[in-house]
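Asks: Let me give you the structure first, and then I'll get to my questions.
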Amino acid sequence: MFRPFEWQDLIPLAQGAWLTIQLCAVSGILGVIFGLILGIARTSPSRIARWISTIYISCVRGIPVLVIIFFVFFGIPLLFPGLEPDKFASAVIALTCFAAAYVAEIVRGSIEAVAKGQSEAADALGLNYWRKLTYVILPQAVKIMVPPGIGFLIGLVKDSSLVTVTGLLELTHAGNIVTNLTGDPIKTFLVVAGMYFVICYGISRLGRLYEKRTGVHVDPLKLPEPAGI
Amino acid sequence: MIFVENLNKKFGPNHVLKGIDCHIREREVVCVIGPSGSGKSTFLRCMNGLETISSGSIVINKHRLDDSKTNINLVRQEAGMVFQHFNLFPHLKVIDNVMLAPLKVAKTSKEEARAKAEMLLTKVGLAEKMDTFPGNLSGGQMQRVAIARALAMDPKIMLFDEPTSALDPEIVGEVLAVMKDLANEGMTMVVVTHEMGFAREVADRVIFMDQGRIVEEGTPEEIFSSPQHGRTQGFLSKVL
């Protein structure tokens, strides 16, 4: 009943890889947008904003990704009758919720890593909170948040394999199906692993490109610029 | 111009300023001296709201700093501040450091802000450094840019928080020269400093602070030549 692993089996795997890329690109971009908002709220002078963002971030970071995926996939149709997002949309929602919380912490850390004197100098010039954030703090914080952000994005690609449980035909799920057809998990999952590796390696190369263009080292261990400049 | 009455500042259980009373007149240059931890920097930082006041009052140009209805950013536009560690914005060119507040706070036109910044940078002797980034400047140059940046908002008062303490001794002079020019132009200045020579030469009045209080104040002549208080005498005998 099994047939050997053939070249044509690469086609569903490549399609799965493409879906994984789309999934991670969409939820990564949305995660960065919401993460920025949450991270800024986390450091804002408004107590309510800090409070809401802190609760959200702590909750999401205290829940396994798989549980978030199940919750969104099964929960949304029950909580909002009539609303039945397709598998791709469910996966995007789940991964975005997850990514936003982690990106928010990276954003918060980067904002706090900008030397305190920068904030004081902006205050002393009469810049209000939003101008200070826009023209002084964020331009410096963005440089600090890129290295850990790249690291998180790579993690997101790997964690995205968990949405296989919803039946979405992403790379891991495609691997499973091909295994069932060929009975050759070793070859199949070697190819799957290789495809994940290529995607992740591509992202880390993007980080290196950024490093070359800006002189910022994409190295999570690098300390921020010393105070006093 | 600046009226400080019974100013108290506490950091938790630390009582840093214990009832400061002080009146600074227009065009006056006041130097605040004293040992580390005497509260002189905190006193200065209270004057533009970088530190909140625990009790007492500060009035700057008719703005009450202890009134929550006061728009602190308006007060800050009238009181420029220069920091010990310069705090230039490293991601902006020198000229953009100087132009930022006029463009974004005062909403000046770009041409006007640029002309003003060029004028100020020429004044502090750094016209040729306009398009470099702060990271490529020496400490003395950075501090002169910081002075130009603070002047760009046309402040009526300039506050200096140990402006030369982070500088190599041989470049302290270039910063003090710029400050002396400012004083001669009639700027109202409050300078927290360890440069006794500068205080003696430029100040109209010297305030000696210790342990959160103003111990003694007077003309430089009075303070440096015949200090009345024992703690002033002790401090000056060590630093002069």
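Every number in this text was worked out from the coordinates using simple rules, so none of it is lab data. These numbers were taken from a predicted model, which means no experiment stands behind them. When we count neighbours, we look across all protein chains shown, and the Cβ atoms used for this are built from the backbone with ideal geometry, even at glycine.
Asks: Let me make sure I get this right: for region A:83-160, a, b and c are the square roots of the gyration tensor eigenvalues over alpha carbons, sorted descending. Under 1.5 in a/c it's rounded, otherwise prolate if a/b > b/c, else oblate. Which is it?
Replies: Details: a/c = 4.49, a/b = 2.25, b/c = 1.99.
Prolate, because a/c is 1.5 or more and a/b exceeds b/c.
Asks: Could you check which residue among B:Ser109, B:Ser165, B:Ser138 shows the biggest mean-square fluctuation in a GNM of chain B with a 10 Å Cα cutoff?
Replies: Residue with maximal mean-square fluctuation among B:Ser109, B:Ser165, B:Ser138: B:Ser109.
Asks: Once the convex hull of the alpha carbons of region B:1-74 is built, what does its volume come to per residue, in cubic angstrom? Can you show the working numbers first?
Replies: Values: hull volume 6.6 nm³, N = 74.
Hull volume over Cα atoms, normalised by residue count, gives 90 Å³.
Asks: Whole-Hz ³J(HN,Hα) for each residue in region B:184-193, computed from phi via Karplus 6.51 cos²θ - 1.76 cosθ + 1.60 with θ = phi - 60°, x for glycine and proline: what do you get?
Replies: Listing the rounded values in order: 5, 7, x, 5, 6, 9, 10, 10, 8, 8 Hz.
Asks: A further question on this structure: Would you kindly derive the ³J(HN,Hα) couplings of region A:120-125 from the backbone phi angles with the Karplus curve 6.51 cos²θ - 1.76 cosθ + 1.60 (θ = phi - 60°), listing them in order in whole Hz, with x for Gly and Pro?
Replies: With the stated coefficients, region A:120-125 comes to 5, 5, 5, 4, 5, 7 Hz.
Asks: What three numbers, in Å, describe the spread of the alpha carbons of region A:23-115 along their principal axes, ordered from the longest?
Replies: Per principal axis, max minus min of the Cα coordinates gives 47, 27, 21 Å.
Asks: Which of A:Glu105, A:Glu170, A:Glu211 moves the most in a Gaussian network model of chain A with Cα springs under 10 Å?
Replies: In the Gaussian network model the winner is A:Glu211.
Asks: Report the label-to-label distance for A:Ile37 and A:Leu79 in nanometres (one decimal), using points 7 Å from each Cα along the Cα→Cβ vector.
Replies: Computed distance between label sites A:Ile37 and A:Leu79 equals 1.6 nm.
Asks: Something else about it: Using a 7 Å offset from the Cα along the Cα-to-Cβ direction at both A:Arg205 and B:Ser36, what is the distance between the two label points in nm, to one decimal?
Replies: Label-label distance for A:Arg205 and B:Ser36, simple model: 5.2 nm.
Asks: Would you mind listing how long chain A runs along its three principal axes, going by Cα atoms, in whole Å with the largest first?
Replies: Here the spans come out as 77, 47, 22 Å, largest first.
Asks: Something else now. Anyone know which of B:Ile58, B:Ile157, B:Ile24 comes out most mobile in the 10 Å Cα GNM of chain B?
Replies: Answer for the Gaussian network model of chain B: B:Ile24.
Asks: Continuing with the same structure: Anything over 26 Å Cα to Cα? Flag those among B:Lys10/B:Lys93; A:Lys116/B:Lys62; A:Lys143/B:Lys156; B:Lys104/B:Lys156, in the order listed.
Replies: On the way: B:Lys10/B:Lys93 38 Å; A:Lys116/B:Lys62 29 Å; A:Lys143/B:Lys156 36 Å; B:Lys104/B:Lys156 19 Å.
Listed pairs above 26 Å: B:Lys10/B:Lys93; A:Lys116/B:Lys62; A:Lys143/B:Lys156.
Asks: Hey, what D do you get for the protein assembly as shown in µm²/s if you plug the Kirkwood alpha-carbon radius into Stokes-Einstein at 10 °C and 1.306 mPa s?
Replies: Details: Rh = 26.1 Å.
So the translational diffusion coefficient is about 61 µm²/s.
Asks: Would you mind checking the tilt of helix B:94-104 against the longest principal axis of the Cα atoms of chain B, expressed as 0 to 90 degrees and rounded to 10?
Replies: Approximately 80 degrees, to the nearest ten.
Asks: If I fit a long axis through the Cα atoms of helix A:87-113 and take the longest principal axis of the Cα atoms of chain A, what angle between them do I get, 0 to 90°, rounded to 10?
Replies: Taking the Cα atoms of chain A, the angle to A:87-113 is about 30 degrees.
Asks: Roughly how tilted is helix B:139-151, in degrees to the nearest 10 and between 0 and 90, from the longest Cα axis of chain B?
Replies: The angle comes out at about 90 degrees.
Asks: Take the Cβ-Cβ distance between B:Ser54 and B:Glu217 as r, set R0 to 22 Å, and report the resulting FRET efficiency rounded to the nearest 0.05. Before the final figure, lay out each step's value.
Replies: Details: r = 22 Å, r/R0 = 1.02.
The calculated FRET efficiency here is 0.45.
Asks: Also, quick follow-up: With the cut-off at 1.5 for a/c, could you classify region B:132-205 from its C-alpha gyration tensor as rounded, prolate or oblate?
Replies: Numbers: a/c = 2.12, a/b = 1.21, b/c = 1.75.
Note, shape of region B:132-205 comes out oblate.
Asks: Taking K and R as +1 and D and E as -1, what net charge do the other residues with C-beta under 13 Å from the C-beta of B:Met158 add up to? Don't skip to the end; give the middle numbers.
Replies: On the way: positive: B:Arg27, B:Arg76, B:Arg149, B:Lys156, B:Lys180; negative: B:Glu26, B:Glu28, B:Glu78, B:Asp154, B:Asp161, B:Asp181, B:Glu185.
Cβ neighbours under 13 Å give a net charge of -2.
Asks: For B:Ser237 and B:Leu74 in the same chain, what is the full-extension length gain: residue separation times 0.36 nm, less their Cα-Cα distance, in nm?
Replies: Numbers: separation 163, 0.36 × 163 = 58.68 nm, distance 4.14 nm.
Gain on extension, B:Ser237 to B:Leu74, equals 54.5 nm.
Asks: Right, something else. Counting each pair of different Cα atoms once, what's the Kirkwood radius of region A:129-197 in Å, rounded to one decimal? Could the numbers behind the result be given before it?
Replies: Values: mean 1/r = 0.0676 Å⁻¹.
Roughly 14.8 Å, rounded to one decimal.
Asks: Scan around B:Asp210 for amide H atoms under 5 Å from its own, H built in the peptide plane at 1.01 Å from N, and keep only partners 5 or more places away or cross-chain.
Replies: So B:Asp210 has HN proximity to B:Val215.
Asks: OK, next. Return, for the Cα atoms of chain B, the radius of gyration and Dmax in Å, separated by a comma.
Replies: Just the Cα atoms of chain B yield Rg and Dmax of 17.8, 55 Å.
Asks: P(r) for region B:34-136, please, calculated from all Cα pair distances in 5 Å bins and given in %.
Replies: Histogram of Cα-Cα distances, whole percents per bin: 2, 11, 17, 18, 16, 15, 12, 7, 2, 0.
Asks: Here's a follow-up. Once both labels are modelled 7 Å past Cα along the beta-carbon direction, what's the B:His15-A:Cys59 spacing in nm?
Replies: Distance between the two pseudo-spin positions: 4.6 nm.
Asks: Would you mind checking which residues have amide H under 5 Å from B:Gly19's amide H? H placed 1.01 Å from N; only 5 or more apart, or other chain.
Replies: For B:Gly19, whose amide H was placed from the backbone, the distant partners under 5 Å are B:Leu7, B:Asn8, B:Lys9.
Asks: Rounded to whole Hz and in sequence order, give me ³J(HN,Hα) for region A:34-44 from the Karplus expression 6.51 cos²θ - 1.76 cosθ + 1.60, θ = phi - 60°, writing x for Gly and Pro.
Replies: Each residue's phi maps through the Karplus curve to give 5, x, 4, 4, 5, x, 5, 4, 5, 10, 7 Hz.
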